[in-house]
Each structure stands twice: as structure tokens, then as C-alpha cells.
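Down below is the structure, laid out as C-alpha cells.
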Amino acid sequence: AHAACYVIVTPECTFGRLRNMILPPNCVQLFSRNFSKLHCFRISENLQTESDEDDDVDGSTQGSTKDIQISTDSSKQTLKIFDGNDAVKRNQFRLISVPRIAKNEEVVEAALRAYYINDDQQEYELQTFTQQVLLSDDVINRNDAAEDCNLSSVFRESVPEAWIIRAKPKDEEVIRIYPAWLKVGMAYVSLRVNKDSTVQTVIKEVLPLLGRQTECLQNFKLVEVLMGSKQVQRMVLDNQELILNRLKDIRKTSIRQMNQTRFYIVENSNSIVQVNLFIGGLPPQLSPEEYTNILKEELAIKTNVVSVSHVYQAQGAVVLQISCFSEAERIYMLVKDTVVNDKPLNAVVIPAVMASKIPQNCCPLLVFVNPKSGGLKGRDLLYSFRKLLNPHQVFELTNGGPLPGFHTFSKVPSFRVLVCGGDGTVGWVLGALEEIRHKLVCSEPSVAILPLGTGNDLGRVLRWGAGYSGEDPYSILVSVDEADDVLMDRWTILLDAEEPAEGAENGIAEPEPPKIVQMNNYCGLGIDAELSLDFHHAREEEPGKFNSRFHNKGVYVKVGLQKISHTRNLHKDIKLQVDQHEVELPSIEGLIFINIPSWGSGADLWGSETDNRFEKPRIDDGLLEVVGVTGVVHMGQVQGGFRSGIRIAQGSYFRVTLLKPIPVQVDGEPWIQAPGQIIISAAGPKV
């Protein structure tokens, strides 16, 4: 709030309807100084739709004159205007169009208008510059000679003439000093300064105006704050610095920058700097010492100001605690270009959440969004949730995965999770939760789903709908707040190939190590996985086409039509054991293990009719249902709701023996599995 408004604002904010799920800002600590908003709120630069330039740059440089409309009117001339040395150095100018016979004041006025500066034009002048300007600060002042010198000849040249706006030197001026966090009932105080005024004399004169005359000068400092479009830069001024010289320097650099700069009087506080950086992409399963050595080698970290505070060995990630801003910034920038074992590292600035300050009845929502899911709808949701909640509780999964979010919330006594993405994204987050659960104070947070993407079977079963179609994000959060908790089984699948991988030289090769995957929805062998695999390959070849659900489903249908003439031989290529008993398989082409009553975008594969041989399926009964399909036509009939699958078994422990390579898919992720054993059993606690 503005200082003047602050006085009339009620002291307590109630956070409105979403108060139970907002992470209260007073519980978050983040030392951000040199990090921009993009870094602090973990906003990927590549998701920025706006131009990447600062707001005081329009990117109109000499190279892009073809885009600039130069006036064709012969009575007008086009001039390049720079607003200071910084713009000259970066060759960033703005163009103005003025009459050929123009008074100097008119040109100055047009130049100021181009930079949105509404100060009195009498205080400014224009200086022209030659190439030497780039090397020296001595700019020829053409202002005095403007009336009688032959400027007209200069203006007739075809190249736009270049000028710099300069502030005329002053012996004294009035500056505004803002009382930062001091609780006084005024927005700012105005102070006249002259060429002898130092920072110290300004502090001395300002304190009585703020009713702080009894306080010691040493307890205060003057801070210069530049508010650019992407970041706020603060600089503490030296007590002996002459204020007029400082103003002169800023204006010389950029007149526009002067308009974005304020001076604040601030009470000294002895804050300890501590920046937390999450570094991912390291080799997994190393010791803390080995991670420290890699960081020393690759990033040359200074161990006197950098320490490893947390190690996530299974994921190959560490959290660094850094007590120096410039070192934190250096590491952050360097990580982006560092590759270890052919894998790029990634860095995320993470806030410290002070769990002890979170109110008793508050259960903050940890939000994960996959911006690539659902035809880029994820990106819009990211923006909305950052606005509606605290941006520090919203995490983008393309930026380091789910781990930075869980780490940030690791000390929070009670929280819930919202995952925005397809079934694959939900599985990714649940898998990460399983791995890190033992390090969380709230080890079993409940998870809500906002379905983006194509299948969304889990979202359907939990009644979040078939897919997000642009509903109001606020009402989604209200639904999450009101939703009930239900338990769900998760399953672990162990894939143990007995034969070495194909393509090995001389036929001698190590067999593949066993692979373990987690399953939430279903696991398919045969035709179901084969269609999935073909779709997957089509998407990898032309990812740009796969940004609408309608197109995605069309490709599934097309792939399916090509498979109609298949023979039904899957039952000859596999053996199935359920709870230690052999089960004879009927003549089928696909075998599917289902945990939830929705398969292939909402179809009921098990069917609704009662059967004395089996229990009624539930998502928390500790049992999986096993169903067969006879081919693509049968699958189409199930999708259309005309038939259900062939019920084969129900149980809690399964062993499948593959006699030859067979396509397998788990929750929509397909691959070809070599001959060997597949064992499916219940994973740890239900989620």
C-alpha cells in the first residue's frame, strides 16, 4: 500500500474465501536482491509471451530500421533519440518525426514525449554525437549554436540524425524521500538539496520531518531504488556521497531511468543473507562429499559461503545454502550452461517457508502445473494460480520437476496438492511423492487433479471431469477446497527381462537390469499398448500437431484402423499367475490390469453387471481387475459403451511371464518389453 493509504488499511488481512489454502506471505522468506521476479517466482523465460526486452527498450535498433515507419513527408525529418549513455552503448533509440524547420524547444519536447517524460522541457537540451562518443563522455553541445549554425544541411542527409537528451546542470533541486517501512502517515517528504548536500545531511534533515528527530542518524540509511519492468534494484548510498552528483550520474546513464528511481530512508537491520538454490540433474546415488566435489569442479563453488543443506540422492539433486548474493547469482547463471554426464543441470531459487508461523487451521495448497499439457492451457492456469494464491506455492513442472515444490513444503505440518496435467503428469508427481514421503512432515498429503491432456481417466473417476475447458480458475480452487478425501491403491510393477537386450554384438550382452515402475490407473499388454506406442511415435515425429484433444483422438482412431486384421495370439505368448494360482487365458489380443473404473478416456472396461465370482471393484480395495480384449473392434465397442471386456481375474499379486517381446504400457507410457517376468504388487501406503 502507499504510505498514506497504509494508515487507513485495517491491520489484519483475512485473505478472503481462499484463506485456508493460501500460503500466508508472512511465512515465506526469500532474499532476492539480485534475482528478478522471473527467478524468484520460478517463471520460465521461454513461457514469457511478452518481448524479452526491458520496458525502456523497444528493440528498435539500427538493424531493424526496415520495421520503422520513416515519414515520407518531405517537410518532415526523422531523428534518432537516445536517452543517455546506456542507450548509446546498447544502440537502442526511439525515432521522432519533426518539421524540417523546427525550433530547438519543439525537438526537445518531441524527444521527451518519445520516452514518456513529462518534466519541464526547459530543464533539458539535445546534444548531437559523433562516433567518438562511444569512447569519451565529451559530447559536443550543439544547443547554443542551433540558431545560427547550418543545422539544416545536417538534417537533409538521408540517414536519421542521432541526438542524446541531456539534463541541464542545476545548482539545487527538490527531491522526494519516501519513508519505506517507517509507519508514518505520509507518502513522501520533499527536500531542497544543493551542491553541498550529502546523503548524511539529507538523512539529518528528513528525520525531523518524519517525527523521528530523537533517533540516532547511524540507525538509518538512504537507499536508491530503480523500479524496472522485470526487477527492482536497490543500492545503499554512501553517507559522504553528494546527492546532486548522484542525480547527475543517473540522468547521464538514462533520463528515463531517473524517472523510475526513488530514494527511500530505511532503518538499518542486521539481516543475514541466505539464498536457497535447488540444483537438479546431477548423477543419482552419490554421497554428499561426491556432490560437493562435482559442484567444486563444474561450478567452482566457494565453500566458505556455499554449503550443501539437503541431498536427494535418488533424484540426483541438492539444495545449496548461499550466504552471498553475488555468489548465488553467479552459480545460478552458470548452472544453465553446465552439463554433467551429458545431462544439463537446472537451478531453481526456492523460498524458505517458516512452518511455525502457519496458522493452525491453514492447509496451504501446493500447486504443480505442466504447461505443456492440454494444448498450452497449462500456461494460462500458471498465470491465474500465481495471481489467486501466493506465487511461492505454485510450481511449474518443466522447471526442475516436482521435487523443488515438495522440498519447499517439507516442513509444512499440513498441506494438500493440486496437479494440473494429464494422467502421466499425475503419475510423475505421485511417484516423486512416494520417493520423498519419508522427508515430509506431512507425509500423506491428499492430491486433487485438474485434468489437462487427452486421457484423464483418473480425473474422471475422481469426478474432476474429462478435461479442463477454460473454467474460472477461482471456482476450481473453491472446488478443491470443498472436495472430500478418498483413498486410492497404487501398484508397483517389476519388469525383469531374462534375455539380453536385442542388437547386442556377437549375441553376448548383459541382461537389462530389472526396471520398477509405479502404476495408478492401468497396465496393458498387447494391442492396447501397441496402439499407444504408435500414437507415441506419431507425436514424437510431429509434436506441433498434437495440441488439441480432438486431433489426438483422431490419430488414435487412424492407428486403430490399421490394426483391425490382427490375429488373436497374445494368450499363446504369455502366462498369467494370480495370487500364486495359474489362470488359463481365453483367446485374446490384449490383457489389461485396471485399478480404476475408467480406461481409454472414460470407457468402463470391467462392466457394470454383477458377477458372483468377483467383488465389486473399488479404487481402495487392494485388488486389481484383469480384463481381456479380442482386438481393435472389441476395444472400439468398449469405447462406444456397447460391450465390456472379458473378465479374467481379480487379485492383489500377479506374475506375468512373457515368452517373446510384447508391447506394454503403464498409465499411457508405452514401450516394447523383452521376454521375462512382470510382477505386479501393491505399493506402500494408499494415497
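Taking label positions 7 Å along the Cα-Cβ direction at both Val9 and Asp196, the computed distance is 4.1 nm, reported to one decimal. Exceedance of the 21 Å cut-off in Cα-Cα distance is limited, within the set Lys168/Lys252; Lys76/Lys103; Lys343/Lys377; Lys80/Lys195; Lys37/Lys248; Lys336/Lys387, to Lys343/Lys377; Lys80/Lys195; Lys37/Lys248; Lys336/Lys387.
Taking a quarter of the surface of the Cα convex hull of the stretch 173-267 gives a mean projected area of 6.1 nm². Using C-alpha pairs below 8 Å separated by at least 6 residues, the relative contact order for the stretch 275-349 is 45 percent.
Add +1 for every Lys or Arg and -1 for every Asp or Glu among the other residues with Cβ under 15 Å from the Cβ of Ser414, and state the total. Walk me through the intermediate numbers first.
Working: positive: Arg19, Lys357, Lys411, Arg416, Arg437; negative: Glu444, Asp481, Asp485.
With Lys, Arg at +1 and Asp, Glu at -1, the net is +2.
Calculate the length of the line joining the C-alpha centroid of the stretch 371-394 to that of the stretch 409-479, in whole Å. When both Cα centres are located, 13 Å separates them. Accessible surface for Tyr332 stands near 20 Å², nearest 10, in the context of the full protein assembly shown (1.4 Å probe). A probe of 1.4 angstrom, applied to the heavy atoms of all protein chains, finds Tyr474 with accessible area near 90 square angstrom. Potential lengthening of the chain between Ser97 and Glu615 amounts to 178.3 nm, from the contour at 0.36 nm per residue minus the alpha-carbon distance. Annotation note: trypsin sites (Lys or Arg not before Pro) in the stretch 390-498 located in DSSP loop regions with a Cβ neighbour count of at most 16 within 10 Å are Lys411, Arg463.
Taking amide hydrogens as placed 1.01 Å from N in the peptide plane, the amide H of Cys324 sits under 5 Å from those of Val275, each at least 5 positions away in sequence or on another chain. Lys575 contributes an accessible area of around 110 Å² to the protein surface, as traced by a 1.4 Å probe with all chains present. Its residues counted as N, the stretch 352-482 yields a C-alpha radius of gyration over 2.2 N^0.38 Å of 0.99.
Taking the stretch 311-361, which trypsin sites (Lys or Arg not before Pro) meet the DSSP loop condition and have no more than 14 other C-beta atoms within 10 Å? Provide the component values of the computation, followed by the final result.
Details: sites: Arg330, Lys336, Lys357; in loops: Lys336.
Qualifying residues, ordered by number: Lys336.
Which order do the peptides 418-426, 592-600 come out in when sorted by mean C-beta neighbours inside 10 angstrom, highest first?
Details: 418-426: 25.8, 592-600: 22.9.
Most protected by this proxy first, the peptides run 418-426, 592-600.
Looking at the stretch 596-687, the GluC sites (Glu not before Pro) that sit in a DSSP loop and have at most 10 other Cβ atoms within 10 Å of their own Cβ are Glu609, Glu615. Per q in 0.15, 0.23, 0.30 1/Å, what log10 I(q)/I(0) does a Debye calculation on the alpha-carbon atoms of the stretch 367-421 return? Debye intensities relative to I(0), on a log10 scale: -0.39, -0.87, -1.29. Working note: Karplus 6.51/-1.76/1.60 with θ = phi - 60° gives the stretch 212-225 the couplings 10, 4, 7, 7, 7, 4, 5, 7, 10, 9, 9, 10, 8, 10 Hz, where Gly and Pro are set to x. Translational diffusion of the stretch 275-349, estimated by Stokes-Einstein from the Kirkwood radius over alpha carbon pairs at 20 °C in a medium of 1.002 mPa s, is 179 µm² per second.
Which net charge results for the neighbourhood of Val189, defined as the other residues with beta-carbon distances under 14 angstrom from its beta-carbon, given Lys and Arg at +1 and Asp and Glu at -1?
Values: positive: Arg176, Arg192, Lys204, Arg212, Arg262; negative: Glu205.
It works out to a net charge of +4.
Centroid-to-centroid, using Cα positions, the stretch 255-293 and the stretch 630-687 are 48 Å apart.
With an 8 Å Cα cut-off and a minimum separation of 6 or more residues, compute the relative contact order for the stretch 173-267 in percent.
Details: 142 pairs, mean separation 34.6, N = 95.
Relative CO of the stretch 173-267 lands at 36 percent.
The values are calculated or read from the model by the stated rules, or taken from the named source; none is laboratory data. Model, not experiment: these values are computed from the prediction. All Cβ positions, even for glycine, are placed from backbone atoms using ideal geometry, and neighbour counts span all protein chains on display. Quick note on the areas: whole protein, heavy atoms, side chains included, nothing else; ligands and nucleic acids left out. Shrake-Rupley method; radii C 1.70, N 1.55, O 1.52, S 1.80 Å.
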